[in-house]
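To start, the structure under review is shown below, and the notes come after it.
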C-alpha cells in the first residue's frame, strides 16, 4: 500500500520507519500518515464484505505493509450498542455505546498496541518503552509478549496494584514512579534516549493515532447498519462523538478516520467531537473556556481517576481544539463524583461495567443533555473506553453487601428450604419506604423502579393508569406517589383531585414526573398540590432521589 509520513511543520514527506521518530528535514516529532486515496478506492470499501469485522479489515488505511496474522488477539470489531434504557431516561432515543471493553485486554488501547507492535515486529525492533497510567501498558504488554518484544513500562505509583501485577504477568518490566504521570513520561523518555530504544510518544506516535482511526471506520459501518443501511453508497454518521480524554490522542485519531472517509466520498459529515475531562485535571477544558490556543498545564492533578491525569497535553490540545471547532463540538469537564455516579447508572441500566474514565464520558453526556447542548433528536455515540477491572472499593459506600449466615438457620430448621427462607427474611429491614409509581408507559415504570432499587430499599407498587392508581393508593397507602400527568382517560390532574379530596390520601406526598412542557395554567393547577415537578429527563439528577428521600425520611 502506498503511503508516506508527512511532517505537520515543514510538510516534508518521507517513507515510514517506526524507529525514525522525527522529521528527517526539520526534526519535528509531529507527523502523520498520508495515503494515496485514489489507490485506496480501488479496493476499499468494495472488498470489506469479504473480510472479518476486525481492525485489519481497514488495512489499506493503516501504516503497515504486511500485517502478521500470528500477532493478532482479536482486536477491533467491538460492538455498537443502542442504549435503550439510558436513552429513554435522558429523552435521547438515538444513543449508542461503542463498547471498547470487549477488546483483548478490555480497553480501546488494544488498537494502539496491535498496530504499533505489528509495525515494530515488521521493522525488527525487539525492545520498547512506554509510560502509562495502566491501560496502555497492559495492552502493550499483551501484544509485546506475543511478538517477543521486551517492554519497559513506566507507571505512576497511583496505578492500582492489580494493574501493575497484570503488566508484570506478561513479562514486562514495571518501573514505578512516585510522581505525576507527566513526570513518568519525562523519565521514560530519558531512559529510552539513553538506551536508544523505541518509545511510545502518545499523540506523536503515528501508529497510535492511525490505530484509533479504526474506531471511526467501525462506527460509520455499524451506525449505517443500525439505521437502515447505506443510501447512494453513502455511510451514515452520528451527530456527536463523545470520549473522555487525558492526552487527547483518541479523538484525534477518530477525527482523522472520519475525515478520510469523507475524502473517500463514503460519508457526508464528520460528527461533532466532544472531549470530556475530569475537573481535577482539565487543562484542555480550562483552555477551551478561556479561548486559549495553548493549554495551561495543571501541575498538581487532583482527580482520583488516574488514567486521566495528564496535566500538560502540550500541542495535542492545540490540534484537538481545532478539530472540535471544525466539527462544532465542545470540551466539557465533570467531577469525579459525577463520573462514579455515571458508572453506577450505566451498570444498573445497561448492564455495562465501565472504567472510571468511561464514567467521565457518560457524566459529560448527562451534563450536555441537561444543558440543552445535545438535543433529543440528536444521535450520539459514546466511547466506553474500558472495563473496570476490578471495581475499586472507593466506588461503594458502607454496607454495600449484606451478610446471610445460613449455618444457624439450617441447624434450627426442619428442612433446608425453611432455613433458607428464614435467612432471606433477615436480609432486608422489617419495613421499606413504600413508593407508588403511576405511568401508562411500562418502560417508564420499569426505569423508575430500577433507579429507585439502585439507590436503596423501596417497596414499589405500580399502576398503569389513573383509575388503577386510585385503587392501588387506597389499598396500599404508600409513603409517596410518583405520578405521570399525561395518561389516557383519567390523567394525573384528575388523580391529584381525587387524592386531595380524600382525607385518607390527602397528605400523601406526590412527585409529578412528566415529559411534557406544561402551560402556565397547568402549572397553576399543580400549585400547592404536589411536592415537586420533575421532567422525565431529570431522573438522573440527584434532586430526584433527594426529593424522594426527604419526603419519606
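None of the figures in this text is laboratory data; all of them are computed from the coordinates on show. Values in this document were obtained by computation on a predicted structure and should not be read as measured data. With ideal geometry, Cβ positions are generated from the backbone for all residues, glycine too; neighbour counts draw on all protein chains shown.
Some observations on this one:
- Taking every C-alpha pair closer than 8 Å and separated by at least 6 residues, the mean separation divided by the residue count of the range 432-523 gives a relative contact order of 30 percent.
- Contact order for the chain, expressed relative to its length and based on alpha carbon pairs under 8 Å spaced 6+ residues apart, stands at 11 percent.
- Pairs of Cα atoms nearer than 8 Å and 6+ residues apart set the relative contact order; for the range 125-227 it is 29 percent.
- Modelled FRET efficiency - R0 22 Å, residue 36 with residue 326, Cβ distances, 0.05 increments: 0.40
- Of interest is the spacing of the C-alpha centroids, which for the range 24-71 and the range 228-281 amounts to 18 Å.
- Potential lengthening between residue 373 and residue 474 on full extension [0.36 nm per residue; Cα-Cα distance subtracted]: 32.1 nm
- Between 0 and 90°, nearest 10: helix 109-123 axis offset from the chain longest Cα axis: 10
- Estimated distance in nm for a label pair at residue 9 and residue 68, the labels positioned 7 Å out from Cα along Cα-to-Cβ: 3.3
- Multiplying the residue separation of residue 48 and residue 194 by 0.36 nm and subtracting their alpha-carbon distance yields 48.2 nm.
- Where a label projected 7 Å from the Cα of residue 2 along Cα→Cβ would reach, residues of the range 15-58 with amide N under 16 Å: 15-16, 34-44
- With the convex hull of the Cα atoms taken as the outline of the range 9-95, the averaged projected area works out to 9.7 nm².
- Euclidean distance between Cα centres, the range 83-154 to the range 457-484, Å: 48
- Note on the range 55-120: the C-alpha convex hull projects to 5.3 nm² when averaged across all orientations.
- Peptides ranked, highest mean first, by Cβ atoms within 10 Å: ranges 59-70, 171-182: 171-182, 59-70
- Derived from the Cα gyration tensor, the three semi-axes of the equivalent ellipsoid of the chain are 49, 28, 22 Å, largest first.
- Sequence ranges 329-338, 49-58, 353-362, ranked by mean other-Cβ count within 10 angstrom, highest first: 353-362, 329-338, 49-58
- Using alpha-carbon coordinates, inclination of helix 336-350 to the longest axis of the chain, degrees: 70
- Against the chain, whose longest principal axis is taken from its Cα atoms, helix 492-501 shows a tilt of about 40°.
- If both residues of a DSSP beta bridge must be in the chain, then about 25% of such bridges are antiparallel.
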